[in-house]
Amino acid sequence: MKRKLQAAVLISGNGSNLQAMIDAIAAGRLELEIIRVISNVADARGLRRAAAAGIPTCVVEHGRFGLRTDFDRALAAAIGAGDPDLVVLAGFMRIIGEAALQPFKGRMINLHPSLLPLHRGTGTYQKALDAGDGHYGASIHFVTGELDGGPVLSQVTIPIETDDDRHSLARRLAPLEHRLLVATVEFLTRHEVECRDQLIFVDGKRLAEPLQLGADRQLAD
Ligand code: GRF
């Protein structure tokens, strides 16, 4: 029998996206084993969510390292400990430096709350409102050396209403982010997905546009 895909999940705070994966696994909707949850914040609520689900946790606090590269190396060691097939950044609020990225290139994905390539970095809800965008959303992309700049695998889109502010947008997007993350990881358990030279290949075929999350909670191109 083929073994389950094994993932390490990186978080910094609440961990509601982590919880969505834990719940999907428990409900039999996701054939994944989360082998470790790593946080750069010692009191992140997500660590308690992981512990409650019986998942080993590990803290690599960025403040304890004088040099950025030392933090990255410690992070790489923590991630690599179980040799995961997949590394999921789910609300991980630190930039991944080269030393932490290199060993996991092509198997590290990040959930970002915007329709990339629009609005990289933080404060994305307000950036979209200030730009007068008609739509908002979330993206999952492969992590590269460029902040929020790697190839986008999947997205979910919502309309921006005239009375939206950043809070209402965040509230409406959150459950869809959860679904997007679960559907994308589930997709990765069923397909051969490769990221090379800034391009994504699904079962050998180049992905021209990001997969879109449909109302049926499935991804489609
Ligand atoms: C999500 O909005 C994600 O897009 C962003 O950080 C938030 C994490 O939420 N990068 P949670 O910790 O999963 O609840």
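Odds and ends about this structure:
- Hull volume in cubic angstrom per residue (convex hull over the Cα atoms of the chain): 128 Å³
- In this simple spin-label model, placing a label point 7 Å from the Cα along the Cα-to-Cβ direction at both Arg172 and Gln102 gives a separation of 4.4 nm.
- Hz values of 3J(HN,Hα) by residue in region 179-196 - Karplus curve (6.51, -1.76, 1.60), Gly and Pro given as x: 5, 4, 5, 4, 5, 6, 5, 4, 4, 5, 6, 10, 10, 8, 10, 10, 10, 9
- Relative contact order %, region 20-145, counting alpha carbon pairs below 8 Å whose residues are six or more apart: 18 percent
- Note that region 70-86 has calculated 3J(HN,Hα) couplings of 5, 4, 4, 5, 5, 5, 4, 5, 5, 5, x, 3, x, 6, x, 6, 9 Hz, one per residue in order, obtained from phi through the Karplus relation 6.51 cos²θ - 1.76 cosθ + 1.60 (θ = phi - 60°); glycine and proline are x.
- The alpha-carbon atoms of region 15-66 define a convex hull whose volume equals 71 cubic angstrom per residue.
- Förster radius 45 Å - calculated FRET efficiency between His135 and Arg45, Cβ distance, rounded to 0.05: 0.90
- Distance histogram for region 69-146 (every C-alpha pair counted, 10 angstrom bins, percent rounded to whole numbers): 18, 45, 25, 11, 1
- Rel. contact order, % - alpha carbon contacts under 8 angstrom, at least six apart, the chain: 17 percent
- Backbone N under 16 Å from the Ala27 label point (7 Å along Cα→Cβ), restricted to region 185-221: 185-187, 214-219
Throughout, read-outs are computed from the coordinates displayed, never taken from laboratory work. A quick note: this is a predicted structure, and the numbers were derived from the prediction, not measured. We place every Cβ from the backbone using ideal geometry, glycine too, and count neighbours over all the protein chains shown.
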